[in-house]
Amino acid sequence: MLRYLRLLGVQVRASAATAMQYRTEFLAEGALALFWSGWSLVPVLVLFGHRPVVAGWTFDEALVVMGWFLLMKGILEGAVNPSLASVVEHIRKGTLDFVLLKPADAQFLVSTAKFQPWRVLDVFAGLAVFAVAFHRMGRWPAPGHAAAALLLLLCAASTLYSLWILVISAAFHVVKVDNLSFLFSSIFDAARWPVGVFRGAWRVIFTFVVPLALMTTFPALALLGRLDLRTALGSLLGAALFAAFARLVWKASIGRYTSASS
């Protein structure tokens, strides 16, 4: 475990050094990250500007969901997407050999190959939205509720990562998955809304197939003290199953890989 933590530290430092090679671009990316964090709030502000309650959620409660969305977006675009997107190029060129030959787990290496430092601003933006939401409500989360929310944050991050592993694993079979990755990123935008906003088949899809509810709505409910034990346990089980399934798919996909020397 300590060895992999040291490897993670090396990967993070290398990504930070690479990102800061061109200072003007680095600062421009920071400004864009701030802009998009603020822009993400616009749809929620517009909707609740016309309706005080939507699907049983007040504006302040919806802000908590929005905070989780920004936080998860920072994880997706700052840690998950940059690393795993490069795997597709490795597969196309047959250069994944250089990763597989290293004395460390290949999934860990490709998952930590690249980070976008400025995306941490999305995380801070999410925390700021939490502060605003609870200040408006005139209360703060109880310690037990905060602990449950942190546990669900781990589940949400694990599920998000596992879904992306499944998308990337498809590249071993069809090679070109750019459109699929863009589709997933577009679908993830729906996570800014509480899952109760969706009806019928869409609610089922966003709860069980592409579990956006697990990534934003359930952690928000935990922080608000409204998440029941059955849903919490189901979230833990679902995250564990997604992680196990993604690992099995990754191992099976690696077995189908044809290297450049083949």
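Which of the residues spanning the stretch 232-262 are more than 20 Å from Pro143 (Cβ to Cβ) and of a type outside the set (A, V, I, L, M, F, W, C)?
Within the stretch 232-262, Gly234, Gly238, Arg247, Lys251, Ser253, Gly255, Arg256, Tyr257, Thr258, Ser259, Ser261, Ser262 qualify.
Do we have any residue at all in the stretch 87-110 that's of a type in the set (Gly, Ala, Ser), touching a residue at least 40 places away in the same chain (Cβ under 8 Å) and buried (at least 22 other Cβ atoms within 10 Å of the Cβ)?
No, the conditions are met nowhere in the stretch 87-110.
Take Phe218 and decide whether it is surrounded by 15 or more Cβ atoms within 10 Å (Cβ to Cβ), part of a helix (DSSP H, G or I), among the aromatic types (Phe, Trp, Tyr) and touching a residue at least 40 places away in the same chain (Cβ under 8 Å).
So Phe218 fits the description; yes.
Take the residues in the stretch 45-74 that are touching a strand residue (DSSP E or B) at 6+ places or on another chain (Cβ under 9 Å), modelled with pLDDT under 90 and of a type outside the set (A, V, I, L, M); name whichever of them is nearest to Val132 (Cα to Cα).
Phe48
Would you mind finding the one in Phe188, Phe182, Phe124 that is touching a residue at least 60 places away in the same chain (Cβ under 8 Å) and under 30 Å from Val44 (Cβ atoms)?
Going through Phe188, Phe182, Phe124 in turn, the sole match is Phe188.
Is at least one residue of the stretch 226-239 under 17 Å from Glu61 (Cα atoms) and buried (at least 17 other Cβ atoms within 10 Å of the Cβ)?
yes
Return the residues of the stretch 32-44 that are surrounded by 12 or more Cβ atoms within 10 Å (Cβ to Cβ) and either over 18 Å from Val123 (Cα atoms) or modelled with pLDDT of 80 or more (or both); say none if nothing qualifies.
Those that are surrounded by 12 or more Cβ atoms within 10 Å (Cβ to Cβ) and either over 18 Å from Val123 (Cα atoms) or modelled with pLDDT of 80 or more (or both): Ser40, Leu41, Pro43, Val44.
Restricting to the stretch 221-231, give me the number of residues that are out of contact with any Leu (no Cβ under 7 Å at 6 or more places or on another chain) and part of a helix (DSSP H, G or I).
Residues in the stretch 221-231 being out of contact with any Leu (no Cβ under 7 Å at 6 or more places or on another chain) and part of a helix (DSSP H, G or I): 5 in total.
For residues in the stretch 76-100 being touching a Ser or Thr at 6+ places or on another chain (Cβ under 6 Å) and outside any loop (DSSP other than H, G, I, E, B), which is modelled with the highest pLDDT?
Per the criteria, the residue is Asp97.
Of the conditions (1) surrounded by fewer than 20 Cβ atoms within 10 Å (Cβ to Cβ); (2) within 28 Å of Trp57 (Cβ to Cβ); (3) out of contact with any Gly (no Cβ under 9 Å at 6 or more places or on another chain); (4) small (Gly, Ala, Ser), Ser162 fails just one. Which one is it?
Failed condition: (1).
Which of the residues that make up the stretch 74-127 are under 24 Å from Met215 (Cα atoms), of a type in the set (A, V, I, L, M) and out of contact with any Leu (no Cβ under 9 Å at 6 or more places or on another chain)?
Ala79, Leu84, Ala85, Val120
Considering the stretch 115-167 alone, what residues qualify as being among the basic types (Lys, Arg) and either on the phi > 0 side of the Ramachandran plot or under 15 Å from the mean Cα position of the chain (by Cα) (or both)?
The one that is among the basic types (Lys, Arg) and either on the phi > 0 side of the Ramachandran plot or under 15 Å from the mean Cα position of the chain (by Cα) (or both): Arg119.
Looking at the stretch 194-215, which of the residues that are in contact with a helix residue (DSSP H, G or I) (Cβ under 7 Å, 6 or more places away or on another chain) and without any contact (Cβ under 8 Å) to a residue 24 or more places away in the chain is surrounded by the most Cβ atoms within 10 Å (Cβ to Cβ)?
Residue satisfying both the conditions and the ranking: Ala213.
Across the stretch 16-70, what is the number of residues that are closer than 29 Å to His145 by Cα, among the small types (Gly, Ala, Ser) and part of a helix (DSSP H, G or I)?
Within the stretch 16-70, residues that are closer than 29 Å to His145 by Cα, among the small types (Gly, Ala, Ser) and part of a helix (DSSP H, G or I) number 4.
The values are calculated or read from the model by the stated rules, or taken from the named source; none is laboratory data. Owing to the predicted nature of the structure, the values given are computational and were not obtained by experimental measurement. Cβ: placed from backbone, ideal geometry, glycine included. Neighbour counts: every protein chain shown.
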